[in-house]
Amino acid sequence: MSEFSSRAATEADAQTLAALNLACWRETYVGLLPAETFAALSLGERLDHWRGVFQMKGDRVTLAMDAAGETVGFTHWRAHELALGGRLGRGGEICAIYLRRSAQRRGLGGWLMRLMAEEMRASGLKWASLVVLRENLPARRFYEAMGARRFGHELSWRSVPQVAYGWRDVGRLAAHQ
């Protein structure tokens, strides 16, 4: 993917991640989140969040840059064993994948999903899952096109309905075209 590059994020990137996270939320969630949720969004809150992420053992964050070197997206995942009481073995929780609108529909999202899946597989993980806002239809279509299947009960985040998606075989996600 010559148009984009990526690198592992470090705690020194917390400010960049906070600003990018906030910008992506504002581009993505207008009309999907209540106005009071948007009013509560702040750079300081996001900065605290990302500083906390870098204190967690095992969380992986990757930055994506365009050809000009501008950071246009990021991913965040970690290992967990919650599915079916651990009967599926160790899996990966995709905590976040966000792209600026200007970087969408150019193959970057699929490339980043495959990159996460490769990292998970190399870490010995067998499956992956994520949650997405129920009304975020473009994201849901993207995950479904990447081979995800909906599972579990509907969830809620800040009173907004969410649905869970997953891949039983992270190797198939890594190889997805």
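The numbers here are math on the coordinates, done by the rules we state, and not lab data. Bear in mind the structure is a predicted one, so any value in this text is a computation, not a measurement. Positions of Cβ are generated from backbone atoms using ideal geometry, with glycine treated the same way; all protein chains shown enter the neighbour counts.
Structure notes:
- Label-zone membership for the range 123-147, site residue 154, 7 angstrom Cα→C-beta point, backbone N under 13 Å: 133-136
- Legend: calculated FRET efficiency, residue 134 to residue 45, from the Cβ-Cβ distance at R0 = 22 Å, rounded to 0.05, equals 0.40.
- Gyration tensor over the Cα atoms of the range 94-173: the corresponding equivalent ellipsoid has semi-axes (square roots of 5 times the eigenvalues, largest first) of 20, 17, 10 Å.
- Under 13 Å, Cβ to Cβ, from residue 25 - net charge with Lys/Arg +1 and Asp/Glu -1: +3
- Per-pair calculated FRET efficiency, R0 = 41 Å: residue 169 and residue 26 via Cβ, rounded to 0.05: 0.75
- Residue (of 171, 120, 155) at the positive-pole extreme of the chain, dipole from beta-carbon charges: 171
- Taking the Cα centre of the range 13-123 as reference, the dipole from Cβ charges on Lys and Arg (+1) and Asp and Glu (-1) amounts to some 320 debye.
- A Stokes-Einstein calculation at 37 °C with viscosity 0.692 mPa s, built on the Kirkwood radius of the range 4-174 over Cα pairs, returns a diffusion coefficient of 198 µm²/s.
- Taking Cβ atoms as reference points and 12 Å as the exclusive limit, the residues near residue 55 contribute a net charge of -1, counting Lys and Arg as +1 and Asp and Glu as -1.
- Spin-label model distance (nm) - residue 57 vs residue 102, 7 Å beyond Cα toward Cβ: 4.0
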